[in-house]
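Inspection log for the structure reproduced underneath, given as structure tokens.
The values are calculated or read from the model by the stated rules, or taken from the named source; none is laboratory data. Only a predicted model underlies this, so the values are computations on that prediction, with no experimental measurement involved. Because the Cβ atoms are built from the backbone with ideal geometry, glycine has one as well, and the counts that use them run over all protein chains shown. Keep in mind that these areas ignore ligands, DNA and RNA; they rest on the heavy atoms of the full protein, side chains included. Shrake-Rupley method; radii C 1.70, N 1.55, O 1.52, S 1.80 Å.
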Amino acid sequence: MPRKKTKPRKRHAKRRPTLAERCDKFWAYEHALQSPEIDVELLQQIYKDARGRKARHLREDFCGSAATLCAWLQQGAKFTGEGYDIDAEVLEWGRATHFAPLGRRARRAELRHADVRVRSARAPDIRCAFNFSYWLFLERREVLEYFRKARADLAADGVFVVDLNGGPEAFSEEEQVTDCGDFELVCHQTGVRPLDHTADLAMHFRFPDGSEMRDAFKYRWRIWSLPEVTDILRDAGFTDIRCHWDIGEEETQYELTRSGHNDPAWIACLAALK
């Protein structure tokens, strides 16, 4: 009995992954929000203005992938450092992405999967918490404890540096979109509470093919004001606190100031001298 002829099956084209699916979220975060070489230059300028020489040993708190720490090591053989973070995944990514290419130079630094309130292996000349990372502490007592421990941990002539932002736009719940070249960074803050200045922040990455990596990073933080942070630093024992204000239009450029600028959105660094 002849077999019934069947129609040939149609071959379905294999779906190509979207740009969002192919993108590494840690790479995107660094590309959009970090400038390690500029940060190192700023830290050295702050320390030189305060102490008249270059800092040698850096501690990077909330270091993530430790891109800034790796840039620090590349200043030369005399430069050493430590990085601290509680996220094991991003630390491993940093080891593979930034530390491995350094080879033997990476031995001059240590990455620790630990709370930023633990003591350093070696007293740092300069210690930093950038990208408003300490804003994850929602209570004043937590920030005060952190600042006190940071001060006690510094070398005798050490400097502690934190950044912060402010202005009316700091409390906005509208999406803030930044063109990063290969993609757009979308920062969306919601649930802002006027009572305690806490809020929820989500970061998304949008790509030219229309795809989007939503909620790549999510945080609950507190929008600490400059006077609040200054007062807590004083309560922690710092007496000489200097404010460096970002005045750059297209590129980051800081100047020492006693008053700041009343902009809708601003960024500043506080340098607290031991």
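Tell me, yes or no, whether the range 16-26 has at least one residue that is surrounded by 13 or more Cβ atoms within 10 Å (Cβ to Cβ), under 21 Å from Cys243 (Cα atoms), under 14 Å from the mean Cα position of the chain (by Cα) and modelled with pLDDT of 90 or more. No, the range 16-26 has no match at all.
Among the residues in the range 226-233, are any touching a Phe, Trp or Tyr at 6+ places or on another chain (Cβ under 7 Å) and more than 24 Å from Pro124 (Cβ to Cβ)? Within the range 226-233, none of the residues are touching a Phe, Trp or Tyr at 6+ places or on another chain (Cβ under 7 Å) and more than 24 Å from Pro124 (Cβ to Cβ). Within the range 175-198, residues that are closer than 12 Å to Arg222 by Cα sit with their Cβ atoms under 7 Å from residues that are hydroxyl-bearing (Ser, Thr, Tyr) and open to solvent by less than 50 Å² (accessible area, probe 1.4 Å), at 6+ positions apart or across chains, in these pairs: Gln189/Ser172.
To keep it simple, each residue is scored yes or no on (1) free of Cβ contacts under 8 Å to residues at least 40 places away in the same chain; (2) open to solvent by 20 Å² or more (accessible area, probe 1.4 Å); (3) not charged (D, E, K, R).
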{"residue": "Ala123", "(1), (2), (3)": "no, yes, yes"}
{"residue": "Asn131", "(1), (2), (3)": "no, yes, yes"}
{"residue": "Leu136", "(1), (2), (3)": "no, yes, yes"}
{"residue": "Val143", "(1), (2), (3)": "no, no, yes"}
{"residue": "Tyr146", "(1), (2), (3)": "yes, no, yes"}
{"residue": "Asp153", "(1), (2), (3)": "no, no, no"}
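Of the numbered criteria (1) open to solvent by 30 Å² or more (accessible area, probe 1.4 Å); (2) polar (S, T, N, Q); (3) at pLDDT 95 or above, the one Gln189 fails is (1).
Residues in the range 192-225 that are aliphatic (A, V, I, L, M) and out of contact with any His (no Cβ under 7 Å at 6 or more places or on another chain) were compared, and the one that is least open to solvent (accessible area, probe 1.4 Å) is Ala199.
Summed over the range 155-169, the residues that are touching a Leu at 6+ places or on another chain (Cβ under 9 Å) and not acidic (Asp, Glu) give a count of 7.
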